[in-house]
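Okay, structure first, notes after.
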Amino acid sequence: MRTIDWRDDHVVVIDQTRLPDDLILLDLHTVADLVDAIRRLAVRGAPALGVAGALGVALAAVVTPHDVPAQAALVRAARPTAVNLAWGVDRALARLGDGLDAVVAEALAVLEADVTVNRALGERGADWLLGRVAGPLNVHTHCNAGALACVEWGTALGVVRALHERGAIGHVYADETRPLLQGARLTVWELGRLGIPHTLVVDSAGASVIANGLVHAVVVGADRIAANGDVVNKIGTYPLALAAARAGIPFVVAAPESTVDMATPSGAAVSIEVRDGAELTEFAGTRVAPAGTAALNYAFDVTPADLVTAIVTEARVVEPSAGGHP
Ligand code: MRU
(Lines give C-alpha, C1' and ligand atoms only; values in the text may rest on other atoms or scores of the structure.)
Protein backbone atom coordinates (compact mmCIF):
# COMPACT_ATOMS: atom_id res chain seq x y z
CA MET A 1 0.00 0.00 0.00
CA ARG A 2 1.29 3.44 -0.92
CA THR A 3 1.37 6.31 1.58
CA ILE A 4 0.21 8.72 -1.12
CA ASP A 5 -1.17 7.97 -4.56
CA TRP A 6 -3.28 9.33 -7.42
CA ARG A 7 -6.58 7.61 -8.15
CA ASP A 8 -8.42 8.64 -11.37
CA ASP A 9 -8.83 12.34 -10.56
CA HIS A 10 -7.88 12.78 -6.93
CA VAL A 11 -5.26 12.16 -4.24
CA VAL A 12 -5.41 9.25 -1.78
CA VAL A 13 -3.31 9.19 1.40
CA ILE A 14 -2.97 6.99 4.45
CA ASP A 15 -4.30 9.05 7.37
CA GLN A 16 -1.21 9.03 9.57
CA THR A 17 -3.03 10.70 12.45
CA ARG A 18 -4.95 7.43 12.93
CA LEU A 19 -1.95 5.09 13.08
CA PRO A 20 -0.98 2.75 14.66
CA ASP A 21 -4.49 1.64 15.58
CA ASP A 22 -6.40 2.34 12.37
CA LEU A 23 -5.10 2.01 8.82
CA ILE A 24 -7.48 4.32 6.99
CA LEU A 25 -7.28 5.94 3.57
CA LEU A 26 -8.36 9.54 2.97
CA ASP A 27 -9.72 10.60 -0.42
CA LEU A 28 -8.72 14.20 -1.09
CA HIS A 29 -10.80 15.77 -3.87
CA THR A 30 -9.87 19.44 -3.51
CA VAL A 31 -6.77 21.50 -2.83
CA ALA A 32 -8.37 22.62 0.43
CA ASP A 33 -8.68 18.96 1.49
CA LEU A 34 -5.02 18.37 0.66
CA VAL A 35 -3.79 21.50 2.45
CA ASP A 36 -5.75 20.49 5.53
CA ALA A 37 -4.26 16.97 5.42
CA ILE A 38 -0.73 18.43 5.15
CA ARG A 39 -1.26 20.92 8.00
CA ARG A 40 -2.56 18.34 10.45
CA LEU A 41 0.11 15.80 9.40
CA ALA A 42 -2.29 13.26 7.96
CA VAL A 43 0.34 13.19 5.21
CA ARG A 44 3.84 14.15 6.34
CA GLY A 45 7.55 13.52 5.88
CA ALA A 46 9.63 15.44 3.34
CA PRO A 47 9.50 13.09 0.32
CA ALA A 48 5.76 12.45 0.77
CA LEU A 49 5.27 16.22 0.99
CA GLY A 50 7.16 16.62 -2.29
CA VAL A 51 4.77 14.21 -3.95
CA ALA A 52 1.82 15.91 -2.23
CA GLY A 53 3.01 19.22 -3.68
CA ALA A 54 3.12 17.86 -7.21
CA LEU A 55 -0.20 16.01 -6.88
CA GLY A 56 -1.75 19.12 -5.34
CA VAL A 57 -1.03 21.01 -8.55
CA ALA A 58 -2.46 18.09 -10.54
CA LEU A 59 -5.57 18.28 -8.35
CA ALA A 60 -5.86 22.00 -9.09
CA ALA A 61 -5.51 21.26 -12.81
CA VAL A 62 -8.43 18.85 -12.58
CA VAL A 63 -10.72 20.74 -10.20
CA THR A 64 -9.96 24.43 -10.84
CA PRO A 65 -8.23 24.54 -14.25
CA HIS A 66 -8.48 28.36 -14.49
CA ASP A 67 -6.92 28.94 -11.08
CA VAL A 68 -3.93 26.59 -10.99
CA PRO A 69 -1.17 29.06 -9.97
CA ALA A 70 -3.16 30.46 -7.02
CA GLN A 71 -4.16 26.98 -5.85
CA ALA A 72 -0.55 25.82 -6.20
CA ALA A 73 0.53 28.72 -3.97
CA LEU A 74 -1.83 27.48 -1.26
CA VAL A 75 -0.27 24.00 -1.39
CA ARG A 76 3.26 25.48 -1.36
CA ALA A 77 2.46 27.48 1.80
CA ALA A 78 0.89 24.60 3.74
CA ARG A 79 4.12 23.89 5.64
CA PRO A 80 7.33 25.94 5.50
CA THR A 81 10.32 23.79 6.39
CA ALA A 82 10.53 20.73 4.10
CA VAL A 83 11.84 22.11 0.81
CA ASN A 84 10.39 19.08 -0.99
CA LEU A 85 6.87 20.55 -0.78
CA ALA A 86 7.82 23.64 -2.78
CA TRP A 87 10.02 21.50 -5.05
CA GLY A 88 7.08 19.22 -5.91
CA VAL A 89 4.75 22.16 -6.53
CA ASP A 90 7.31 23.83 -8.77
CA ARG A 91 7.99 20.65 -10.76
CA ALA A 92 4.33 20.23 -11.72
CA LEU A 93 3.60 23.96 -12.12
CA ALA A 94 6.49 24.35 -14.56
CA ARG A 95 4.52 22.25 -17.07
CA LEU A 96 1.40 24.46 -17.01
CA GLY A 97 2.39 26.09 -20.30
CA ASP A 98 2.21 22.65 -21.93
CA GLY A 99 -1.39 22.12 -20.85
CA LEU A 100 -3.28 20.53 -17.97
CA ASP A 101 -2.52 16.97 -19.05
CA ALA A 102 1.19 17.76 -18.92
CA VAL A 103 0.80 19.00 -15.34
CA VAL A 104 -0.87 15.76 -14.27
CA ALA A 105 1.74 13.68 -16.15
CA GLU A 106 4.59 15.52 -14.42
CA ALA A 107 3.00 15.02 -11.00
CA LEU A 108 2.64 11.29 -11.70
CA ALA A 109 6.32 11.19 -12.77
CA VAL A 110 7.28 12.76 -9.40
CA LEU A 111 5.15 10.12 -7.65
CA GLU A 112 6.78 7.19 -9.45
CA ALA A 113 10.33 8.54 -9.16
CA ASP A 114 10.07 8.73 -5.37
CA VAL A 115 10.00 4.94 -5.15
CA THR A 116 13.13 4.31 -7.24
CA VAL A 117 15.00 7.22 -5.67
CA ASN A 118 14.45 5.91 -2.16
CA ARG A 119 15.42 2.37 -3.10
CA ALA A 120 18.65 3.71 -4.57
CA LEU A 121 19.60 5.86 -1.60
CA GLY A 122 18.79 3.01 0.77
CA GLU A 123 21.26 0.72 -1.00
CA ARG A 124 23.90 3.46 -1.11
CA GLY A 125 23.48 4.13 2.60
CA ALA A 126 23.77 0.43 3.42
CA ASP A 127 26.95 0.21 1.31
CA TRP A 128 28.44 3.24 3.04
CA LEU A 129 27.71 1.94 6.54
CA LEU A 130 28.95 -1.58 5.84
CA GLY A 131 32.12 -0.07 4.42
CA ARG A 132 32.83 1.41 7.85
CA VAL A 133 31.16 -0.84 10.39
CA ALA A 134 31.08 -4.62 10.20
CA GLY A 135 27.46 -5.80 10.42
CA PRO A 136 25.11 -6.67 11.91
CA LEU A 137 24.52 -3.03 12.72
CA ASN A 138 22.52 -1.51 15.53
CA VAL A 139 21.03 1.84 14.55
CA HIS A 140 19.33 4.72 16.33
CA THR A 141 16.71 6.67 14.37
CA HIS A 142 14.49 9.67 15.04
CA CYS A 143 11.01 10.66 13.91
CA ASN A 144 9.68 8.65 10.97
CA ALA A 145 11.73 8.49 7.80
CA GLY A 146 10.14 5.28 6.58
CA ALA A 147 7.64 4.29 3.93
CA LEU A 148 5.07 6.52 5.62
CA ALA A 149 7.27 9.56 4.97
CA CYS A 150 7.61 8.69 1.27
CA VAL A 151 5.46 6.96 -1.35
CA GLU A 152 6.88 3.67 -0.12
CA TRP A 153 10.20 2.17 1.14
CA GLY A 154 11.66 5.14 3.11
CA THR A 155 14.91 7.10 3.46
CA ALA A 156 16.55 6.47 6.87
CA LEU A 157 14.38 3.37 7.27
CA GLY A 158 15.13 2.64 3.61
CA VAL A 159 18.78 2.25 4.65
CA VAL A 160 17.68 0.05 7.55
CA ARG A 161 15.54 -2.04 5.18
CA ALA A 162 18.41 -2.45 2.71
CA LEU A 163 20.61 -3.63 5.60
CA HIS A 164 17.84 -5.97 6.75
CA GLU A 165 17.58 -7.50 3.26
CA ARG A 166 21.30 -8.23 3.46
CA GLY A 167 20.97 -9.82 6.90
CA ALA A 168 23.03 -6.94 8.29
CA ILE A 169 20.69 -5.26 10.76
CA GLY A 170 20.95 -6.15 14.42
CA HIS A 171 18.57 -3.85 16.27
CA VAL A 172 16.90 -0.49 15.76
CA TYR A 173 16.35 1.98 18.59
CA ALA A 174 13.55 4.42 17.75
CA ASP A 175 12.73 7.39 19.89
CA GLU A 176 9.21 8.57 20.58
CA THR A 177 9.58 11.93 18.81
CA ARG A 178 7.60 14.25 21.01
CA PRO A 179 5.15 15.83 20.77
CA LEU A 180 3.37 14.07 17.89
CA LEU A 181 5.06 10.69 18.38
CA GLN A 182 6.05 9.91 14.82
CA GLY A 183 8.62 7.46 16.24
CA ALA A 184 6.32 5.67 18.67
CA ARG A 185 3.27 5.63 16.41
CA LEU A 186 4.76 5.29 12.91
CA THR A 187 8.38 4.06 12.93
CA VAL A 188 7.68 1.34 15.48
CA TRP A 189 4.57 0.31 13.49
CA GLU A 190 6.64 0.03 10.31
CA LEU A 191 9.50 -1.87 11.98
CA GLY A 192 7.01 -4.33 13.49
CA ARG A 193 5.41 -5.03 10.12
CA LEU A 194 8.87 -5.55 8.59
CA GLY A 195 9.95 -7.96 11.32
CA ILE A 196 12.99 -5.82 12.21
CA PRO A 197 14.01 -6.10 15.90
CA HIS A 198 13.43 -2.76 17.61
CA THR A 199 13.08 -0.97 20.91
CA LEU A 200 11.29 2.29 21.70
CA VAL A 201 12.97 4.87 23.95
CA VAL A 202 11.97 8.34 25.14
CA ASP A 203 13.58 11.18 23.17
CA SER A 204 15.76 12.18 26.09
CA ALA A 205 17.25 8.66 26.26
CA GLY A 206 18.84 8.98 22.82
CA ALA A 207 22.17 10.29 24.12
CA SER A 208 22.32 7.49 26.70
CA VAL A 209 21.55 4.82 24.08
CA ILE A 210 24.50 6.20 22.09
CA ALA A 211 26.84 6.76 25.05
CA ASN A 212 26.12 3.26 26.38
CA GLY A 213 27.37 1.76 23.12
CA LEU A 214 24.03 0.25 22.12
CA VAL A 215 24.23 1.51 18.52
CA HIS A 216 26.89 1.69 15.80
CA ALA A 217 25.35 4.66 13.97
CA VAL A 218 22.57 7.23 14.02
CA VAL A 219 20.57 7.31 10.76
CA VAL A 220 17.95 10.01 10.18
CA GLY A 221 16.12 11.72 7.33
CA ALA A 222 16.02 15.43 6.52
CA ASP A 223 13.53 18.14 5.62
CA ARG A 224 16.08 20.47 4.06
CA ILE A 225 19.81 20.27 3.52
CA ALA A 226 21.49 23.65 3.06
CA ALA A 227 24.31 24.36 0.63
CA ASN A 228 26.88 24.30 3.45
CA GLY A 229 25.74 20.83 4.62
CA ASP A 230 23.63 21.97 7.59
CA VAL A 231 20.73 19.54 8.06
CA VAL A 232 17.22 20.56 9.10
CA ASN A 233 15.18 17.68 10.52
CA LYS A 234 12.63 16.91 13.23
CA ILE A 235 13.26 18.65 16.55
CA GLY A 236 15.57 16.47 18.63
CA THR A 237 17.90 15.53 15.76
CA TYR A 238 20.64 17.98 16.78
CA PRO A 239 21.12 16.46 20.28
CA LEU A 240 21.54 13.02 18.67
CA ALA A 241 24.25 14.41 16.39
CA LEU A 242 26.05 15.92 19.40
CA ALA A 243 25.90 12.58 21.22
CA ALA A 244 27.09 10.67 18.14
CA ALA A 245 30.07 13.02 17.73
CA ARG A 246 30.96 12.63 21.43
CA ALA A 247 30.78 8.84 21.10
CA GLY A 248 32.67 8.79 17.79
CA ILE A 249 29.96 6.99 15.82
CA PRO A 250 28.66 8.02 12.36
CA PHE A 251 25.74 10.43 12.12
CA VAL A 252 24.19 9.64 8.73
CA VAL A 253 21.50 11.63 6.92
CA ALA A 254 19.58 9.76 4.23
CA ALA A 255 17.58 11.98 1.88
CA PRO A 256 16.74 12.40 -1.80
CA GLU A 257 18.43 15.07 -3.90
CA SER A 258 15.11 16.96 -3.81
CA THR A 259 15.83 17.71 -0.13
CA VAL A 260 19.11 19.43 -0.98
CA ASP A 261 18.41 23.16 -1.29
CA MET A 262 21.38 24.89 -2.88
CA ALA A 263 19.46 28.19 -2.75
CA THR A 264 19.68 28.15 1.04
CA PRO A 265 23.23 28.92 2.17
CA SER A 266 22.97 27.56 5.72
CA GLY A 267 20.51 26.26 8.27
CA ALA A 268 20.18 29.75 9.73
CA ALA A 269 18.25 30.81 6.61
CA VAL A 270 15.60 28.08 6.93
CA SER A 271 12.11 28.90 8.14
CA ILE A 272 11.56 26.56 11.09
CA GLU A 273 7.91 25.63 11.57
CA VAL A 274 6.58 26.56 14.99
CA ARG A 275 3.43 24.60 15.74
CA ASP A 276 0.58 25.18 18.16
CA GLY A 277 1.71 25.16 21.78
CA ALA A 278 -1.31 22.99 22.61
CA GLU A 279 0.66 20.05 21.17
CA LEU A 280 2.86 20.42 24.29
CA THR A 281 0.41 21.58 26.93
CA GLU A 282 -2.11 18.86 26.06
CA PHE A 283 -1.74 15.13 25.55
CA ALA A 284 -4.39 13.27 23.56
CA GLY A 285 -6.81 16.12 24.21
CA THR A 286 -6.16 16.35 27.96
CA ARG A 287 -4.37 19.35 29.44
CA VAL A 288 -1.13 18.27 31.16
CA ALA A 289 0.50 21.67 31.87
CA PRO A 290 -1.00 24.38 34.08
CA ALA A 291 -3.68 26.36 32.23
CA GLY A 292 -2.20 29.30 30.39
CA THR A 293 1.36 27.90 30.17
CA ALA A 294 3.38 29.44 27.35
CA ALA A 295 4.84 26.74 25.10
CA LEU A 296 7.42 27.11 22.33
CA ASN A 297 6.84 24.27 19.90
CA TYR A 298 9.68 24.20 17.37
CA ALA A 299 8.93 21.39 14.91
CA PHE A 300 12.47 21.17 13.50
CA ASP A 301 16.07 21.89 14.42
CA VAL A 302 19.34 22.53 12.58
CA THR A 303 22.25 20.13 12.88
CA PRO A 304 25.44 21.96 11.92
CA ALA A 305 27.37 20.44 9.02
CA ASP A 306 30.45 19.69 11.13
CA LEU A 307 28.41 17.13 13.10
CA VAL A 308 27.14 15.34 9.97
CA THR A 309 29.34 12.39 9.03
CA ALA A 310 27.55 11.56 5.78
CA ILE A 311 24.66 12.75 3.64
CA VAL A 312 23.48 9.90 1.43
CA THR A 313 21.29 10.61 -1.59
CA GLU A 314 20.31 8.51 -4.59
CA ALA A 315 23.23 10.06 -6.48
CA ARG A 316 26.14 10.48 -4.04
CA VAL A 317 27.58 10.48 -0.56
CA VAL A 318 28.81 13.79 0.86
CA GLU A 319 30.84 13.89 4.07
CA PRO A 320 30.37 17.39 5.60
CA SER A 321 32.32 16.78 8.83
CA ALA A 322 35.32 15.90 6.64
CA GLY A 323 34.91 19.12 4.65
CA GLY A 324 32.53 17.90 1.92
CA HIS A 325 29.78 20.16 0.56
CA PRO A 326 26.49 19.18 -1.15
O1 MRU B 1 6.71 16.93 10.98
P2 MRU B 1 7.00 15.74 10.12
O3 MRU B 1 6.47 14.47 10.65
O4 MRU B 1 6.61 15.97 8.68
O5 MRU B 1 8.59 15.65 10.15
C6 MRU B 1 9.22 14.63 9.41
C7 MRU B 1 10.68 14.58 9.62
O8 MRU B 1 11.27 15.40 10.29
C9 MRU B 1 11.42 13.53 8.88
O10 MRU B 1 12.54 13.11 9.60
C11 MRU B 1 11.87 14.09 7.52
O12 MRU B 1 10.81 14.68 6.85
C13 MRU B 1 12.48 13.05 6.67
S14 MRU B 1 11.29 11.87 6.13
C15 MRU B 1 12.04 10.81 5.05
Accessible-area composition of the chain, carbon plus sulfur, in percent [1.4 Å probe]: 54
Helix 237-247: inclination vs the chain longest Cα principal axis, degrees, rounded to 10, gives 20
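Taking N as the number of residues in segment 185-239, what value does Rg over Cα atoms divided by 2.2 N^0.38 Å take? Mind dumping the intermediate values first?
Values: Rg = 13.3 Å, N = 55, 2.2 N^0.38 = 10.1 Å.
The reported ratio for this selection is 1.31.
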Out of residues 5 or more away from Ala145 or on other chains, whose amide H comes under 5 Å of its own, with H placed 1.01 Å from N in the peptide plane? Leu157
When Rg is the radius of gyration of the Cα atoms in the chain and Rh is its Kirkwood radius, what does Rg/Rh come to? 0.96
Please state the shape class of segment 139-286: rounded when a/c is under 1.5, otherwise prolate if a/b exceeds b/c and oblate if not, all from the C-alpha gyration tensor. rounded
Area projected by the alpha carbon convex hull of segment 204-289, averaged over all directions, nm²: 7.4
Per-residue HN-Hα couplings for segment 256-261, Karplus 6.51 cos²θ - 1.76 cosθ + 1.60 at θ = phi - 60°, whole Hz, x for Gly and Pro? x, 4, 5, 8, 7, 10
Inter-part gap, Cα centre of segment 301-326 to Cα centre of segment 1-19, in whole angstrom, is 32
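Using 0.36 nm per residue of separation minus the Cα-Cα distance, give me the extension gain between Ala291 and His325 in nm, one decimal. Don't jump to the answer; show the numbers that get you there.
Working: separation 34, 0.36 × 34 = 12.24 nm, distance 4.65 nm.
So the extension gain works out to 7.6 nm.
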Rounded to the nearest 0.05, FRET efficiency between Arg316 and Ser208 (Cβ-Cβ, R0 30 Å) equals 0.35
Taking placed amide H atoms and a strict 5 Å upper bound, the residues 5 or more places from Gly45 or on another chain that come that close are none
Peptides ranked, highest mean first, by Cβ atoms within 10 Å: ranges 23-35, 113-125, 52-64, 283-295: 52-64, 113-125, 23-35, 283-295
Could you tell me how many degrees, from 0 to 90 and to the nearest 10, lie between the Cα long axis of helix 156-165 and the main elongation axis, the longest principal axis, of the Cα atoms of the chain? 70
So how tilted is helix 46-63 from the main axis of the chain? Cα-based, degrees 0 to 90, rounded to 10. 10
Given the rule -39500 (n - 2.57) for each run of at least 4 DSSP H residues, summed and divided by the residues of the chain, what is its mean residue ellipticity at 222 nm, to the nearest 500 deg cm²/dmol? -11000 deg cm²/dmol
If you roll a 1.4 Å probe over the heavy atoms of the protein chains, what accessible area per residue do you get for the chain, in Å²? 38
Note: probe point = Cα of Leu130 + 7 Å toward Cβ; backbone nitrogen < 19 Å; residues of segment 147-166 passing the test are 154-166
Segment 30-44 - phi-based ³J(HN,Hα) in whole Hz, Karplus 6.51/-1.76/1.60, Gly and Pro as x: 9, 4, 4, 4, 5, 4, 4, 5, 5, 5, 9, 6, 5, 10, 7
Taking amide H positions as placed 1.01 Å from N in the peptide plane, with prolines and chain starts having none, which residues 5 or more places from Asp230, or on another chain, fall under 5 Å of its amide H? Gly267, Ala305
Overall Cα dimensions of segment 1-137 - principal axes, largest extent first, Å: 57, 37, 28
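The values are calculated or read from the model by the stated rules, or taken from the named source; none is laboratory data. Not measured: the values here are computed from a predicted model. Every residue, glycine as well, gets a Cβ built from its backbone with ideal geometry; the counts of neighbours run over all protein chains shown. In case anyone asks, the SASA skips ligands and DNA or RNA and just uses the protein heavy atoms, side chains included. Shrake-Rupley method; radii C 1.70, N 1.55, O 1.52, S 1.80 Å.
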